[in-house]
Structures are given as structure tokens and as C-alpha cells.
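This report concerns only the one structure given below.
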Amino acid sequence: MRTRTVRSAFVAAFVVATVGASTSVAAQDAPAKPDSAPRFSLFSGWAPMDGQFVVRHGFAMGASGDFRWSPIPVPLRLSLSFDERTGEFISKQRGAQASLDLVMRPIPKLFGVRPYFLGGVGAATRTGYMEWQRTSPGSAVYVRPRQTWTFASLGAGLDIGRMFIQAKLDQPIASDGPVLVPINIGFRFWD
């Protein structure tokens, strides 16, 4: 439990520091760019649960849109995704996530490749999972029909032309939920 609290504090501190740093850098430059047309993307990949690689089968797929909002100096990314997982000690689970992330690209494009960093917050839900608890002697399984939680996310990725690959850490905050580490490959349809 202490590890989860330390990890939550680290992710929250990083998100706050990123927002503060990007705001101070933008204040030194020209005013923020006006809102622009969104960049729409589809993605798919693998999303290990609880940061462990015990999940043997599963996928995640979704869509995202990058857009600008004039009070914020960096683009925002709204992502919606669906995932399904199974594993050795995990029953089949289906879930969904929605997140809003700041997308920072501090390093220029080189040979068609540009790294980026992202951080933000979101909400997730999952169904069909079992939570192990000792309720009485001989009865150790407790099943919940649905679990919903909020999370802070932190990640990095590479834009390679119209394609991208990214990895994120989704750490639960202010609620109980699993740590997720989605790794996705996607395609951007327009800029």
C-alpha cells in the first residue's frame, strides 16, 4: 500500500510540475497559439494490468484527438479506449478509459521522428473481475460487477510520420483501482 501511495504522489507531482513548467515557458514566449483543428488518431495495443506482465492475452483499442485551447500553451489530447484482458490468475475483464492529457513536444523532429511527453488525468471502469478477500473460513472469493476509478497518467511516445507509438503509466488517485501500463501503436488521420 505504501508503494502505491509513493507512486501516486510521484505521478501527481510530475503532472503539476509539467503544467507549471510549460506555463512559465509559454509566458516567456509569444502568447499561446489560437485553437486549431483537432488531430484525430486511432490506436491499438497491449495494456498490462497492475504494472505486471501476468496478463497473457488481451488488447486495447481507441481513438484520440489533439486540440489546442488558448489558455493552455500546449496541445491537449482527449483519448477514449476499450480494453479486454485475461491471464493466469485473472478472469476475463472488459473496461473503458477516458483521459485528458497535456502533450509536450520539446525536442524537434529529426529524420521524421519526434518524441513527445504527456501527462494528465482520467477515469476508467472495468467489469467481470474477481477480488480476493478473506470473508470467512472456506470463502475467499468476492466478486464485484463493476469497478470505476480515477487516475493520473504519465507517458512518452514517438511520432513517426503519421504513425506513433506510446507508453503510459495510469496510476489510480483518490480511488481504488489497478495500475495500468498501456502500450499503443496508432495512426493519425489528419494534422
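Just so you know, all these numbers are worked out from the coordinates, no wet-lab data involved. Fair warning: this is a prediction, and the values are worked out from it, not measured in the lab. Glycine also receives a Cβ, built like all others from the backbone with ideal geometry; neighbour counts cover every protein chain displayed.
The calculated FRET efficiency for ALA63 paired with LEU158, based on their beta-carbon distance and R0 = 22 Å, is about 0.70.
Of the chymotrypsin sites (Phe, Trp or Tyr not before Pro) found in the stretch 96-126, those that fall in a DSSP loop while having at most 13 other beta-carbon atoms within 10 Å are PHE111.
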